[in-house]
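Asks: Below you will find the structure I want to go over with you.
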Ligand SMILES: [Zn+2]
């Protein structure tokens, strides 16, 4: 029996809620030899996803009316991760729907006729990475091209991507951050969404992200994770060095900040006053978000809060990103040093066959036992109902726990060698984005092989194939084929 | 104001709206993954699209956007258009703040409602009542991320000594209610160490760190297995560049296997001992001491490894991989050095 979280004979609201949650989670551990507990119920989840896509979302989703591109992305990406191809007719309807959300002045809104906003712009573009294509009606060229019907009075018809870029610049703040929309707020989710789209669509420039790395770095809190934003003190036009973080370290913001930091690497010039992130403190915070055995090893989003399925991705998915910063669990241990450190102690229960920073086995069990709703769809934790958001991020988190996706130096070389055109930061950013590779033999799947879900790109949360396809299109490059994977 | 009590009349049936041409969300396409809207919501947003198209900014736009916001507080376009309308028609902002108070209490987890407050407060420049309102919202949910980051924004943005003055007693109250409330701990760090560059608590850094170390050690003694308090201790030391070894005498009291019930109680304010109910050893204390030993270099490394092993195999098995990494990493670094 797993040990409960110690409460030192000093109960508070936090420890009471924690204890209740531990009891509920323990009720979801399948009985020994009961079977069935370790199954990912793909068909049940697919039924729900298909129903949402084809028929629609029930009225309680009105609260997400300004997030329609997200509902689309969560659903489509869940299909991709579950290895389900989408038929051409449905793809076309998806593209036509997504293009309705594009704002005439650049960017995408949360629905038709809504203002452009950084978050739905990410969700729309990533959805188009999944279902879109080049050519008429395929979406991709509709982001790119000027629509003469709308802009016939313009003297110099702008391409849509130029509008997008100008809109991005209009959101830029003096501290290097971006507001999410006209008159909107600043937070690192918006910046992550902006950077992903700018990179994918080939509109990233040093000008656009000038000062952004320092802003991201300023959001790291004393705990090691990142907050939603920081406050700029500006005196006589000068930005003060101290920028206090607004809000505590949080899993969602930490993922967005870390991914942004990785995406920005090609644009950070080395030097004394280069912004810095304390990666060791970040790693410590990330590993501490994993709940105990009694919490089934799910992840929480903040210190002393409860485990929640969506952090399987926001936190569980963040470890892969550390590898791009040179922090890898694969530290070479010198042979002469302490005895026994490299030998793997035999132990039952948790699998020891992998080198990772977190317990991949436990996270998969959490998702399988507690994340799945018996009627289909995935959730925060029992007894909650499933929803589109948790379905997508539980599955993405399961993927992060199953596969090791890492920035491969060999792949980076291949992509760079195939690059056509001027060699520069643009070529470097392209190769950095597309060097991520699923490690052969690095997969570890709890339950039967049928539980396998697709690997996902750690920066974008798209499959690697989808990321390559859309980026090759917008950069007008040919991405070399990957060596065939051994069949599983 | 909203028709909370009266029957909702669709905009399509209101004669004073008959000049507006409603625009349905989707024309000419059968959207994929649509939402099944309620008739009220569809009606209001159709009229909203109609208004946005003509660019009308008038008093009735405030009514329409309020209807939408009450049905879906995350409708950022309605908020945005409402704000622009308020400015264009020079509407008084005090009543808007009163209305926003109600909307905030109804939907405290919505980004937009808090941002709207910031826009209003920036224009009204009267931040003092905001702290009291904020505390009221925290009473309903003491860990709401938006509420806390908003409070920190108020303090940092207006940066007035009177605002900062009450913050330490306030946060102490919250920590007395729940010593495990990490949001409150973060706020305490914000107030103690990141308190703006003009306002602040008006004390020196030395004074702040002395007070905070005493405070956090007292809270660790009360309930030692509290990750929030240990993170705070580490944060305070890192922030002021004090080595962890300065706290070794205190932390050593928490790595023992059990509370010594018979020991003579010597009152040591610097190093408060664990409470009688403490469950020891405390894994955060083991980790802390391992860091102290690691910082000693070659001499300390075997002691650190011993502690990390005890975490990996006994006290913190879920993080076995991490502790093993720490061992490999420390060993690799010391043999190179
Ligand atoms: Zn969640």
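The values are calculated or read from the model by the stated rules, or taken from the named source; none is laboratory data. The structure displayed is predicted, hence computed values, not measured ones. Using ideal geometry, Cβ is built from the backbone for each residue, glycine included, and neighbour counts are taken over all protein chains shown.
Asks: Taking the range B:142-169 on its own, how many of its residues are part of a loop (DSSP other than H, G, I, E, B), over 18 Å from the mean Cα position of the chain (by Cα) and within 12 Å of chain A (Cβ to nearest Cβ)?
Replies: 1
Asks: Does the range B:106-124 contain at least one residue that is more than 10 Å from chain A (Cβ to nearest Cβ), within 16 Å of the chain's Cα centre (by Cα) and over 19 Å from residue B:63 (Cβ atoms)?
Replies: Scanning the range B:106-124 turns up at least one residue that is more than 10 Å from chain A (Cβ to nearest Cβ), within 16 Å of the chain's Cα centre (by Cα) and over 19 Å from residue B:63 (Cβ atoms).
Asks: Just one of B:105, B:139 is more than 24 Å from residue A:230 (Cα to Cα), out of contact with any helix residue (DSSP H, G or I) (no Cβ under 9 Å at 6 or more places or on another chain) and part of a helix (DSSP H, G or I); which is it? Don't jump to the end; show me each part of the working.
Replies: Working: B:105 fails: out of contact with any helix residue (DSSP H, G or I) (no Cβ under 9 Å at 6 or more places or on another chain).
Just one listed residue meets the conditions, B:139.
Asks: Determine the pairs where a residue that is over 16 Å from residue A:295 (Cβ atoms) and in a helix (DSSP H, G or I), located within the range A:361-390, has a partner that is within 12 Å of the ligand (Cβ to nearest atom) and modelled with pLDDT of 95 or more with Cβ atoms under 7 Å apart, the partner being 6 or more residues away or on another chain.
Replies: Partner pairs satisfying both residue conditions: A:389/A:310; A:390/A:309; A:390/A:310; A:390/A:378; A:390/A:379; A:390/A:380.
Asks: Any residue that is in a loop (DSSP other than H, G, I, E, B), more than 16 Å from the ligand (Cβ to nearest atom), at pLDDT 95 or above and within 14 Å of chain B (Cβ to nearest Cβ) - is there at least one of those in the range A:278-290? Talk me through it step by step, then tell me what you get.
Replies: As a first pass, look at the range A:278-290 and keep what is in a loop (DSSP other than H, G, I, E, B): A:278, A:289.
Restricting the remaining residues to those that are more than 16 Å from the ligand (Cβ to nearest atom) gives A:278.
In the following step, the residues that additionally are at pLDDT 95 or above were identified as A:278.
Those left that are additionally within 14 Å of chain B (Cβ to nearest Cβ): A:278.
Checked against the condition, which is being in a loop (DSSP other than H, G, I, E, B), more than 16 Å from the ligand (Cβ to nearest atom), at pLDDT 95 or above and within 14 Å of chain B (Cβ to nearest Cβ), the range A:278-290 yields at least one hit.
Asks: Quick check on this structure: which one of A:483, A:407, A:383 is within 16 Å of the ligand (Cβ to nearest atom) and either within 14 Å of chain B (Cβ to nearest Cβ) or more than 15 Å from the chain's Cα centre (by Cα) (or both)?
Replies: On the way: A:483 fails: within 16 Å of the ligand (Cβ to nearest atom); A:407 fails: within 16 Å of the ligand (Cβ to nearest atom).
The match here is A:383.
Asks: With the condition being within 28 Å of residue A:281 (Cα to Cα) and touching a helix residue (DSSP H, G or I) at 6+ places or on another chain (Cβ under 8 Å), I'd like the helices (runs of 4 or more DSSP H) fully within the range A:155-254 carrying at least 1 qualifying residues.
Replies: Values: elements: A:160-171, A:188-200, A:212-218.
Of the helices (runs of 4 or more DSSP H) lying wholly inside the range A:155-254, those with at least 1 residues that are within 28 Å of residue A:281 (Cα to Cα) and touching a helix residue (DSSP H, G or I) at 6+ places or on another chain (Cβ under 8 Å) span A:188-200, A:212-218.
Asks: For the range A:65-93, enumerate the residues that are free of Cβ contacts under 8 Å to residues at least 40 places away in the same chain and more than 29 Å from residue A:449 (Cβ to Cβ).
Replies: Once the filter is applied, which keeps residues that are free of Cβ contacts under 8 Å to residues at least 40 places away in the same chain and more than 29 Å from residue A:449 (Cβ to Cβ), the range A:65-93 yields A:88, A:89, A:93.
Asks: Moving on to the next point. Inspect all residues belonging to the range A:126-139 and state whether any of them is modelled with pLDDT under 95, surrounded by fewer than 18 Cβ atoms within 10 Å (Cβ to Cβ) and not in a loop (DSSP other than H, G, I, E, B).
Replies: No: the range A:126-139 contains no residue that is modelled with pLDDT under 95, surrounded by fewer than 18 Cβ atoms within 10 Å (Cβ to Cβ) and not in a loop (DSSP other than H, G, I, E, B).
Asks: Sticking with this one: Hey, among the residues in the range A:100-118 that are at the interface with chain B (Cβ under 9 Å from one of its Cβ atoms) and without any contact (Cβ under 8 Å) to a residue 60 or more places away in the chain, which one's farthest from residue B:44 (Cα to Cα)? Show your work before the answer.
Replies: Taking the range A:100-118 and keeping what is at the interface with chain B (Cβ under 9 Å from one of its Cβ atoms), we get A:100, A:109-115, A:117.
With the extra rule that they be without any contact (Cβ under 8 Å) to a residue 60 or more places away in the chain, the set shrinks to A:100, A:109-114.
Values: A:100: 19, A:109: 18, A:110: 16, A:111: 14, A:112: 14, A:113: 13, A:114: 13 Å.
Within the range A:100-118, the match that is farthest from residue B:44 (Cα to Cα) is A:100.
Asks: Please go through the range B:229-273 and give me each residue that is in a helix (DSSP H, G or I) and farther than 19 Å from residue B:289 by Cβ, ordered by number. Spell out the reasoning first.
Replies: Of all residues in the range B:229-273, those in a helix (DSSP H, G or I) come to B:229-239, B:244-252.
The one that is in a helix (DSSP H, G or I) and farther than 19 Å from residue B:289 by Cβ: B:239.
Asks: With A:252, A:301 as the choices, which residue is assigned by TED's automatic domain parsing to the domain that holds residue A:191, modelled with pLDDT of 95 or more and within 15 Å of the ligand (Cβ to nearest atom)?
Replies: Working: A:301 fails: assigned by TED's automatic domain parsing to the domain that holds residue A:191.
Going through A:252, A:301 in turn, the sole match is A:252.
Asks: So if I check each of A:240, A:270, A:214, which one is within 30 Å of residue A:475 (Cβ to Cβ), modelled with pLDDT under 95 and more than 20 Å from the chain's Cα centre (by Cα)?
Replies: Details: A:240 fails: within 30 Å of residue A:475 (Cβ to Cβ); A:214 fails: modelled with pLDDT under 95.
Only one candidate qualifies: A:270.
Asks: Going through A:306, A:296 one at a time, which residue ends up being more than 9 Å from chain B (Cβ to nearest Cβ), within 16 Å of the ligand (Cβ to nearest atom) and surrounded by fewer than 22 Cβ atoms within 10 Å (Cβ to Cβ)? Give the derivation first.
Replies: Details: A:296 fails: surrounded by fewer than 22 Cβ atoms within 10 Å (Cβ to Cβ).
Residue meeting the stated conditions: A:306.
Asks: Moving on. Of the residues A:64, A:83, which is within 14 Å of another protein chain (Cβ to nearest Cβ) and modelled with pLDDT of 95 or more? Before the answer, list the steps.
Replies: Numbers: A:83 fails: within 14 Å of another protein chain (Cβ to nearest Cβ).
Selected residue: A:64, the only one of A:64, A:83 that is within 14 Å of another protein chain (Cβ to nearest Cβ) and modelled with pLDDT of 95 or more.
Asks: Related question: Within 15 Å of the ligand (Cβ to nearest atom), part of a loop (DSSP other than H, G, I, E, B) and more than 10 Å from every other protein chain (Cβ to nearest Cβ): does that describe residue A:316?
Replies: The answer is yes for residue A:316.
Asks: Any chance the range A:15-22 includes a residue that's within 10 Å of chain B (Cβ to nearest Cβ), in a helix (DSSP H, G or I) and exposed (fewer than 14 other Cβ atoms within 10 Å of the Cβ)?
Replies: yes
Asks: Is there a residue in the range A:361-378 that is modelled with pLDDT under 95, away from the ligand (no atom under 16 Å from the Cβ) and either within 17 Å of the chain's Cα centre (by Cα) or not assigned by TED's automatic domain parsing to the domain that holds residue A:203 (or both)?
Replies: Residues of the range A:361-378 modelled with pLDDT under 95: none.
So far as the range A:361-378 goes, no, none of its residues is modelled with pLDDT under 95, away from the ligand (no atom under 16 Å from the Cβ) and either within 17 Å of the chain's Cα centre (by Cα) or not assigned by TED's automatic domain parsing to the domain that holds residue A:203 (or both).
Asks: Against the definition (closer than 30 Å to residue A:310 by Cβ, within 16 Å of the ligand (Cβ to nearest atom) and within 14 Å of chain B (Cβ to nearest Cβ)), how does residue A:393 come out, yes or no? I'd like the intermediate steps shown before the answer.
Replies: Values: closer than 30 Å to residue A:310 by Cβ: yes; within 16 Å of the ligand (Cβ to nearest atom): yes; within 14 Å of chain B (Cβ to nearest Cβ): no.
Considered against the rule, which asks whether it is closer than 30 Å to residue A:310 by Cβ, within 16 Å of the ligand (Cβ to nearest atom) and within 14 Å of chain B (Cβ to nearest Cβ), residue A:393 comes out as no.
Asks: Taking the conditions exactly as written (more than 26 Å from residue A:355 (Cβ to Cβ), touching a residue at least 12 places away in the same chain (Cβ under 8 Å) and within 8 Å of chain A (Cβ to nearest Cβ)), does residue B:281 satisfy them or not?
Replies: Values: more than 26 Å from residue A:355 (Cβ to Cβ): yes; touching a residue at least 12 places away in the same chain (Cβ under 8 Å): yes; within 8 Å of chain A (Cβ to nearest Cβ): no.
No.
Asks: Would you confirm whether or not the range A:2-23 contains a residue that is at pLDDT below 95 and not assigned by TED's automatic domain parsing to the domain that holds residue A:82? Talk me through it step by step, then tell me what you get.
Replies: To start, the set of residues in the range A:2-23 that are at pLDDT below 95 comprises A:2-3.
With not assigned by TED's automatic domain parsing to the domain that holds residue A:82 added as a condition, the list becomes A:2-3.
There is at least one residue in the range A:2-23 that is at pLDDT below 95 and not assigned by TED's automatic domain parsing to the domain that holds residue A:82.
Asks: Also, I was wondering about something else. Let me spell it out: the conditions are (1) at the interface with chain B (Cβ under 7 Å from one of its Cβ atoms); (2) touching a helix residue (DSSP H, G or I) at 6+ places or on another chain (Cβ under 9 Å); (3) assigned to a helix (DSSP H, G or I), and residue A:96 meets all of them except one. Which number is the exception?
Replies: The single condition residue A:96 does not satisfy is (2).
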